[in-house]
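**Q** Pasting a structure below so you can have a look.
Read the figures in this text as sums done on the coordinates, not as results from a lab. Quick caveat, the model's predicted, so the values are computed rather than measured. Glycine also receives a Cβ, built like all others from the backbone with ideal geometry; neighbour counts cover every protein chain displayed.
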Amino acid sequence: MPERDEAALVAVVGRGAPVAEAAIAAWEAGEAIWPIDPGVPETAGLELLERLRPTHLIETDGKRRVLAHGVPVGNDVAAVMVTSGTTGVPKGVELTRAGLEVMGRGYSDGLGATAADRWLACLPLHHVAGLAIIARAWVTGVAWTAHAHFDLDAVARSPRDEGTSIVSLVPTTLRRLLDAGAPLHEYRRLVLGGSPCPPSLRARAEATGATVVDAYGLTETWGGCALDGVPIRGAEMRVAADGELLVRGAMVMRGYRFAPGDTAAALDGDGWLRTGDVATITDGVVRVVDRKKDLIISGGVNVSPTRVEAVLATHPGVADVCVIGAPDDEWGERVVAIVVPADAADTPTLDALRAFARDQLRAADLPHELRVVNEIPRSNGGKALRRFLRD
C-alpha cells in the first residue's frame, strides 16, 4: 500500500492525562494532535477552529467526531501548537515527527534522563512546554505523570507520592513553590523555561539543594532546543549581523498553518528560523539578551529590559516588576519600571530604585519613571504581556 502523504489533525479539548493519552494515540496512529485550551472563550475557540481547520475534534466527553470542513496536515506533521499571541494574533505552528524525535532524544540526553526517571507535566498541555514533556517521554520510553493543572501541594509532594524526578516549571511557579517551602531538592532536575529566569530566583532555588537547568526554546522549535545555553544534539544556533539568534534543525517548525507569508518571514531559504531574540554566543554557549521588539533605545543606547528587571527584582520592596520603553521627546524612549510592591503601604520610590540599581546598571539602564500596579499581566508561560502595559 502506498504511503499516505496526508494525515488527520485531531483537535482535543481538555487537560492533563486525557490529552496526553490522546496525543500518544494520535502519534501511534500516524496522526497529528492539536491540544486546545478548554478555558479559551467560546468566540475565540470557534475562530481558531475555523482558521486552523482540524479534521477531527475530541471534546471533554472523550467522543471523537469528524469535522466536515477539516483539512489534513502533511504526514510528517506530529502536532499543531498555537502560539501565545503575546506579540499579535496567535498562529498555528506545524511541528514535525522528525522534530519530535530530535527534540525528545536531544533534550533527554542533555538532562541524562533514563528509565529510572519519571517526568512530571504540570504545565498546560496546550502549550508546547507541556506537550513536549509527553513527546520526549514517549519517544524515549521514559515514564510520565500529567496533572490537570498546576497545584502547588501536588507538585511539592509528587516525588514522594508519584515517583517523579524531573519537572518543568516557569519562573512564576518556581517562585510560588519556593515561597511555600516545597522540598524541591527531591526532584533530580528542575527545568525552567517559558520566560527568562532572574538569576536571583535561580540562586534561591539552588540554595535549597535543587538542581536547576535553564531551557531555551520557542513554540516554533518544539520547545526547548538549548539547555543552560548549550544547544541540544541536532540543533544549530548562530547570531546574525544584527544580533538576532537564528536556529536550524529538525526541531524547527515546518511552517505556520495556512500562513505562507508569516512562514517566509520567519524561515529563510536555508532553514534558519529567525527567533526574534537578541543573543550572544561565547565558547558555544548561547546567552539570550532580550526580545528584539522589547529592546529600549534610550539616547541611542540599547537597554535590555530583562537585565533591568533582574536587578530591580532583588530590591526587598519589589514583589514583581516589568520594564518597558515609553516615548520621550528628549531620549527617544525612556525606561519605565512597572512595579508590584511587596508592601502596598511602603512602595519604593523612583529615587530609591535608581540608587539601589546604580552599582549594577549603566546610567542609561536606570529607570526614569515608576508606575505602581497591583499585578503584572503575564501569559501562562510567565511572559510579561508588555503590549498591555504599553497600552
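**Q** Expressed as a whole number of Å, what is the distance separating the alpha-carbon centroids of the stretch 69-108 and the stretch 264-314?
**A** When both Cα centres are located, 23 Å separates them.
**Q** How long, wide and thick is the chain, going by the Cα atoms along their three principal axes, in whole angstroms, largest first?
**A** Principal-axis extents of the chain (Cα, largest first): 72, 49, 45 Å.
**Q** I would also like to ask the following. Using a Gaussian network model on the chain with a 10 Å cutoff between Cα atoms, which of V128, V82, V301 fluctuates the most?
**A** Sorting by GNM fluctuation, first place goes to V301.
**Q** Taking the Cα-to-Cβ direction at A203 and at D61 and moving 7 Å from each Cα, how far apart do the two end points lie in nm?
**A** Distance between the two pseudo-spin positions: 5.6 nm.
**Q** Please label the shape of the stretch 295-390 as rounded, prolate or oblate, based on the square roots a ≥ b ≥ c of the eigenvalues of the alpha-carbon gyration tensor (a/c under 1.5 means rounded; beyond that, a/b larger than b/c means prolate, else oblate).
**A** Here the stretch 295-390 falls in the oblate category.
**Q** Follow-up question, since we're still on this one. Whose amide H sits under 5 Å from the amide H of S168, counting only residues 5 or more places off or on another chain, with H placed in the peptide plane?
**A** Here the answer is L120, C122, V191, since their amide H atoms fall under 5 Å of that of S168.
**Q** Still on this structure: Please give me, ordered by residue number, the GluC sites (Glu not before Pro) of the stretch 329-391 that lie in loop per DSSP and have at most 14 other Cβ atoms within 10 Å.
**A** Qualifying residues, ordered by number: E330, E375.
**Q** Also: Using a 10 Å cut-off around each Cβ, can you sort D294, D228 from fewest to most neighbouring Cβ atoms?
**A** By the 10 Å Cβ count, ascending: D228, D294.
**Q** Based on DSSP H runs of at least 4 residues, each adding -39500 (n - 2.57), what is the mean residue ellipticity at 222 nm of the chain after dividing by all its residues, to the nearest 500 deg cm²/dmol?
**A** Per the formula, -8000 deg cm²/dmol.
**Q** Okay, moving on. Calculate the length of the line joining the C-alpha centroid of the stretch 347-391 to that of the stretch 180-221, in whole Å.
**A** Using only Cα atoms, the two centres lie 23 Å from each other.
**Q** Give me C225, C122 sorted ascending by neighbouring Cβ count inside 10 Å, so fewest comes first.
**A** By the 10 Å Cβ count, ascending, the order reads C122, C225.
**Q** Using the Cα centre of the stretch 131-197 as the reference point, and only Cβ charges (+1 on K/R, -1 on D/E), how large is the resulting charge dipole? Debye, rounded to the nearest 20.
**A** The calculation lands at about 220 debye.
**Q** If I model a spin label as a point 7 Å beyond the Cα along the Cα-Cβ vector, how far apart are those points for T211 and R4 in nm?
**A** For the pair T211/R4, the computed spacing is 4.1 nm.
**Q** Check every DSSP H run in the chain and write down those whose alpha carbon atoms cover 20 angstrom or more along the long axis and whose mean Kyte-Doolittle hydropathy is -0.5 or greater.
**A** For the chain, where a helix must reach 20 Å along its axis and average at least -0.5, the hits are 97-111.
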